[in-house]
Amino acid sequence: EPILLHRPAIGGNNRKDIFKKQETQLEHLMSTMPRAAFGKGGDTVIDTSVRDALQLDATKFALNIPQETIQNILANLKVKLDLQTDVVAEQYSLNLYRTGGMFKKHKDTPRGDDMLGTLVICLPTLFEGGCMKVTHGREVNKYFQRYSLPHCSHGSAEAVDNRIEWCAFFSDVDHEILTVKEGIRVTAAYILRRKGKDNAPASECIPRSLEGQEQAARVRDSFLLGLRDDRFLSNGGKIGCACIHQYTNQQVFPGNKDSSQPLDAGQIRKLKAKDLLIASAAVSAGLSVRLVPHLGHCYSCDGEGDFPLKKFPKKKKCPKKMSDDSISDFFDATQGAGLLQNAVDIWITDMDEAASAPAGSTEWNAEGYFGNEASDIAFYVNACFVIEIPSYSESRGVSNVAPIEVDAKPKAKVKKN
């Protein structure tokens, strides 16, 4: 449930007037707050081009947030951050950002070996902009955006609830405060510390990102665990996994190789990032993996489904009119193979996540009747792995093969001058 705080009524229906009254109310608080500093190397500095804010340390303010509420937040963030230890929140600072205030991307200064991260509580003042942007690898999240006030130009500020929101993140996570466009943004920051009296550093409790080889080993072990269970596809079956990257025939189907044959080590090494991880893990668990391209179009789901291909289609212009028979001939595809989702028993990731590429367009009718019954369609090509699971036996799930060397992060493209 949102936390409700008492805030004196501002009233009024003029946007400029609303923010002016809020500023008057907070004037005394702002007059007591010095400029906010930040860590730079081993020094503590003030530079408004990097951080433009006011700050009070923990000894200079108090909040009337019930301790029970703080404990509920801690219990919640422990689950969301997947912490394997209890945590305590140590009140650290009150931070105030006026119009134009911001804090460029940074990591929090470590404050003790038992520090896990930071909890930020956003108090219910009125402001626009100023959201907290948290970045970790490719993942980007924005918090405290609910305080934007598009309705204030024609309505009362009383429409804005007296609520607070919170977010929490680990010490090694980049974050920044985007520029406050209007109003005053006030937050309370807490240091999250590991609860306990042993000497183990807090860093041991923080979940870390696994490197590619570690991820592949974990996935391989999951395959092996399932294979050793006589309840898991005991009569054999197929596992499907969408390919999230695109490939060429030269990369994955050189020479006479095609989708009917299991991938060998050379082909697997041509795969990218998470595709490489999945295929490498499955093969190291003793399973055969095929990469199967599929041709689809706008009406695939209404008929027999996508067309499985032996190889990726060559780049050539489609005929102006095509039936299912001519599609099969032109693309060297298998007709009537049935819906793709029914061709495997279990999906790791379904085909909605598959990378796809355009493959031309045509006027189409399944039976080849053109005129009013024909439709304009666009073709696309994607691909998936089909992992063959053998019937249960005592030898199923026995493998000591290490996964092929994996880097789960796609390599950056370097532009040459």
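Values as computed for the structure displayed
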| item | result |
| --- | --- |
| Cα-based Rg / Dmax (Å) for segment 21-152 | 16.1, 46 |
| Sites D57 and T135 - FRET efficiency at Förster radius 25 Å, r taken between beta-carbons, to 0.05 | 0.40 |
| Contour minus Cα-Cα distance for D86 and S222 (0.36 nm per residue) | 46.1 nm |
| Spin-label model distance (nm) - T24 vs C298, 7 Å beyond Cα toward Cβ | 6.1 |
| FRET E, pair I346, D325, Förster distance 25 Å, beta-carbon r, rounded to 0.05 | 0.15 |
| Mean Cβ count within 10 Å, highest first, over the residues of peptides 275-286, 110-121, 348-359 | 275-286, 110-121, 348-359 |
| Gyration tensor (alpha-carbon) shape descriptor, segment 211-253, a/c threshold 1.5 | oblate |
| Unit charges at the beta carbon, dipole of segment 47-125: most positive-side option, L83, G117, M102 | M102 |
| Label point distance in nm, S361-N64, each placed 7 Å from Cα along Cα→Cβ | 6.4 |
| Exposure ranking of S49, S171 by accessible area [1.4 Å probe, largest first] | S49, S171 |
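The values are calculated or read from the model by the stated rules, or taken from the named source; none is laboratory data. Remember, predicted model here, so these are calculated numbers, not experimental data. Neighbour counts are summed over all protein chains in view; Cβ atoms, including those assigned to glycine, are modelled from backbone coordinates with ideal geometry. Surface areas here come from the heavy atoms of the whole protein model, side chains and all, with no ligands, DNA or RNA. Shrake-Rupley method; radii C 1.70, N 1.55, O 1.52, S 1.80 Å.
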